[in-house]
């Protein structure tokens, strides 16, 4: 009886020690990513795709400076110098709280995308502003997080207004 018990324990140990591990599931492990994989157990470099919405708008100071300088609109360009759109001096906001996070008359809405990994779900983006005659005017940047609607307002200081007037 003892021999049968030893034999049984030995065979059990052999089979239990040969258990196979589950294969790794490679994918994005950040739940804020567009391609999040809840089953992923391993994450490759830059395997997550993130996106956000950005709404650009003018503050009243920008509109006033544009009117005084005879600039009917400004163009917003991404950091690759692709035109995202234009905004006329006719449309401005006094407060960011008044700006909807959507394309409405007087705003410019742009979707942005980037890649990264878990815990790197934010990014910094650069934009350029050109006047209606094609001359470069200003550069700005902003931080954005995945899934966010980022409001980016263009304001003009006194020195910027003088520069615009004297162009």
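The values are calculated or read from the model by the stated rules, or taken from the named source; none is laboratory data. For clarity, every value in this text was computed on a predicted model and none was experimentally measured. Glycine gets a Cβ as well: all are built from the backbone with ideal geometry, and neighbour counts include every protein chain shown.
Here is how the numbers come out for the structure above:
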| item | result |
| --- | --- |
| Residue match in region 70-84 (condition: without any contact (Cβ under 8 Å) to a residue 24 or more places away in the chain, under 22 Å from residue 34 (Cβ atoms), out of contact with any helix residue (DSSP H, G or I) (no Cβ under 9 Å at 6 or more places or on another chain) and assigned to a loop (DSSP other than H, G, I, E, B)) | yes |
| Enumeration of residues in region 120-137 that are surrounded by 13 or more Cβ atoms within 10 Å (Cβ to Cβ) and touching a strand residue (DSSP E or B) at 6+ places or on another chain (Cβ under 7 Å) | 121, 122, 123, 125, 127, 128, 129, 130, 131, 132, 137 |
| Residue among 97, 62 that is over 19 Å from the mean Cα position of the chain (by Cα), part of a helix (DSSP H, G or I), surrounded by fewer than 13 Cβ atoms within 10 Å (Cβ to Cβ) and modelled with pLDDT of 90 or more | 97 |
| Considering residues of region 146-167 that are in a loop (DSSP other than H, G, I, E, B) and closer than 25 Å to residue 53 by Cβ only, the residue nearest to the chain's Cα centre (by Cα) | 146 |
| Residue in region 44-51 that is exposed (fewer than 13 other Cβ atoms within 10 Å of the Cβ), closer than 12 Å to residue 154 by Cα and touching a residue at least 12 places away in the same chain (Cβ under 8 Å) present | no |
| So residue 143, is it assigned to a strand (DSSP E or B) and loosely packed, with under 15 Cβ neighbours inside 10 Å | yes |
| Residues located in region 100-119, provided they are surrounded by 12 or more Cβ atoms within 10 Å (Cβ to Cβ), in contact (Cβ under 8 Å) with a residue 24 or more places away in the chain and in a loop (DSSP other than H, G, I, E, B) | 100, 101, 103, 106, 107, 117, 118 |
| Residue check for residue 24: within 19 Å of residue 127 (Cα to Cα) and touching a strand residue (DSSP E or B) at 6+ places or on another chain (Cβ under 9 Å) | no |
| Filter result for residue 140 (in contact with a strand residue (DSSP E or B) (Cβ under 7 Å, 6 or more places away or on another chain), in contact (Cβ under 8 Å) with a residue 12 or more places away in the chain and on the phi > 0 side of the Ramachandran plot) | no |
| Candidate set: region 126-140, residues that are farther than 14 Å from residue 108 by Cβ and part of a strand (DSSP E or B); chosen: the one nearest to the chain's Cα centre (by Cα) | 126 |
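Residues checked against (1) out of contact with any strand residue (DSSP E or B) (no Cβ under 6 Å at 6 or more places or on another chain); (2) more than 22 Å from residue 165 (Cβ to Cβ); (3) at pLDDT 90 or above:
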site: 10; (1), (2), (3): yes, yes, no
site: 14; (1), (2), (3): yes, yes, no
site: 19; (1), (2), (3): yes, yes, no
site: 28; (1), (2), (3): no, yes, yes
site: 69; (1), (2), (3): yes, no, yes
site: 92; (1), (2), (3): no, no, yes
